[in-house]
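J.: One structure coming up, written as structure tokens, with questions to follow.
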Amino acid sequence: MPDTTTPDTTTSKIKSKREEILSRMAEAAKRAERSPDEIYLVAISKVQPDSRVAAMLETGQIVFGENRVQEAQTRWTDTFASQRNGLELRLVGPLQSNKTDDAVALFDVIETVDREKLLKTLAKAKETAENFPRLFVQVNTGEEPQKSGLSPKDLPDFIKKMREEYKLVPEGLMCIPPQNEAPSPHFWLLKKLAAEVGVEKLSMGMSADFETAIEMGATSVRVGSALFGERDYS
Ligand SMILES: *Cc1c(COP(=O)(O)O)cnc(C)c1O
């Protein structure tokens, strides 16, 4: 039996963190003269313990992001399977083409489409999928060799191929700016690229820079540690 006389510290902590982030998002939207209703908070639950995820679910948060297909499967088709209905799950980490079918079955949005091999496997999966996810293309705005994502110069051809050859719809663009640089030029570049290729949504901004991202046009922000607390990789 849980002790109902002491408040659940995890739940109340998570609830107040979420409220704080939502109000900072609203303030940033206001500064940019945007409606807060058009900007989604994606709670990045990767590596977080089940207790914190359970607490986050209790707050009414419905959009979650994960960066590994397998970890996400365990969490959302097993541990929290009974609460999966009505949630929106987004893959924000790299997708290996041999995991495409699993990712398509689990996620509502895949944010990390970044090479032709994936267009192939996604188009194939689409033929039989019951619910095919919405797709974002990841752009490596900092052109970092170790990072996934398309180089900005390759984006227009890729989007064209995606639409014409593979009949897939790019809903938005996603970027992760280099860690040791100011994020604004990267957010600005992503917005400019989105306008050039005619896609609407922008997934940009994390714990450290989501307000800047909102001021620069983000339609969703991916916040992990500032919402749940630090990740424990030990
Ligand atoms: C982990 C991760 C985040 C969240 O990072 P925080 O700094 O904890 O907010 C956002 N986006 C992606 C792609 C991630 O892998």
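J.: Kindly provide the set of residues from the range 218-227 that are more than 8 Å from the ligand (Cβ to nearest atom) and either open to solvent by less than 10 Å² (accessible area, probe 1.4 Å) or aliphatic (A, V, I, L, M) (or both), ordered by number.
T.: 218, 220, 221, listed by residue number.
J.: Provide a single number: the residues in the range 30-53 that are of a type in the set (Gly, Ala, Ser), more than 15 Å from the ligand (Cβ to nearest atom) and under 19 Å from the mean Cα position of the chain (by Cα).
T.: 0
J.: Within the group 164, 230, 143, 130, which residue is over 17 Å from the mean Cα position of the chain (by Cα) and within 11 Å of the ligand (Cβ to nearest atom)?
T.: 230
J.: Let me ask something else about it. With respect to the numbered conditions (1) within 16 Å of the ligand (Cβ to nearest atom); (2) crowded, with 16+ Cβ neighbours inside 10 Å, which one is the sole condition not fulfilled by residue 10?
T.: Every condition holds for residue 10 apart from (1).
J.: For the range 146-161, which positions are within 16 Å of the ligand (Cβ to nearest atom) and free of Cβ contacts under 8 Å to residues at least 24 places away in the same chain?
T.: Listed by number, the list holds a single entry, 146.
J.: Listed residues 208, 194, 213; which is among the aliphatic types (A, V, I, L, M), within 17 Å of the chain's Cα centre (by Cα) and away from the ligand (no atom under 16 Å from the Cβ)?
T.: That would be 194, the only listed residue that is among the aliphatic types (A, V, I, L, M), within 17 Å of the chain's Cα centre (by Cα) and away from the ligand (no atom under 16 Å from the Cβ).
J.: Next question, about the same structure. Residue 124 passes all but one of (1) open to solvent by less than 90 Å² (accessible area, probe 1.4 Å); (2) assigned to a helix (DSSP H, G or I); (3) of a type outside the set (A, V, I, L, M, F, W, C); which number fails?
T.: Residue 124 satisfies all of (1) open to solvent by less than 90 Å² (accessible area, probe 1.4 Å); (2) assigned to a helix (DSSP H, G or I); (3) of a type outside the set (A, V, I, L, M, F, W, C) except (1).
J.: Quick test for you: out of 154, 114, pick the one residue that is of a type in the set (Asp, Glu) and crowded, with 21+ Cβ neighbours inside 10 Å.
T.: 114
J.: Scan the range 52-92 for residues that are surrounded by fewer than 17 Cβ atoms within 10 Å (Cβ to Cβ) and of a type in the set (Gly, Ala, Ser) and jot them down.
T.: Scanning the range 52-92 gives 54, 60, 81, 82, 86.
J.: Among the numbered conditions (1) touching a residue at least 40 places away in the same chain (Cβ under 8 Å); (2) within 13 Å of the ligand (Cβ to nearest atom), tell me where residue 138 comes up short.
T.: For residue 138, the exception is condition (1).
J.: Which pairs have Cβ atoms under 7 Å, sit 6 or more apart or on different chains, and link a residue in the range 196-217 that is acidic (Asp, Glu) to one that is open to solvent by 50 Å² or more (accessible area, probe 1.4 Å)?
T.: 196/156; 211/24; 215/31
J.: Hey, another quick one. Kindly indicate the residue of the range 66-82 that is in contact with a helix residue (DSSP H, G or I) (Cβ under 9 Å, 6 or more places away or on another chain) and within 16 Å of the ligand (Cβ to nearest atom) and also nearest to residue 221 (Cα to Cα) among those meeting that condition.
T.: 66
J.: Any idea which of (1) farther than 27 Å from residue 99 by Cα; (2) open to solvent by 70 Å² or more (accessible area, probe 1.4 Å) is the one residue 198 doesn't satisfy?
T.: In the conditions (1) farther than 27 Å from residue 99 by Cα; (2) open to solvent by 70 Å² or more (accessible area, probe 1.4 Å), residue 198 misses (2) alone.
J.: Still on this structure: Quick one: is residue 180 more than 16 Å from the ligand (Cβ to nearest atom) and either open to solvent by 90 Å² or more (accessible area, probe 1.4 Å) or of a type in the set (Gly, Ala, Ser) (or both)?
T.: no
The values are calculated or read from the model by the stated rules, or taken from the named source; none is laboratory data. Keep in mind that this is a model prediction, so the values were computed, not measured. No Cβ is skipped: glycine too gets one built from the backbone with ideal geometry, and neighbour counts run over all protein chains shown. Surface areas here come from the heavy atoms of the whole protein model, side chains and all, with no ligands, DNA or RNA. Shrake-Rupley method; radii C 1.70, N 1.55, O 1.52, S 1.80 Å.
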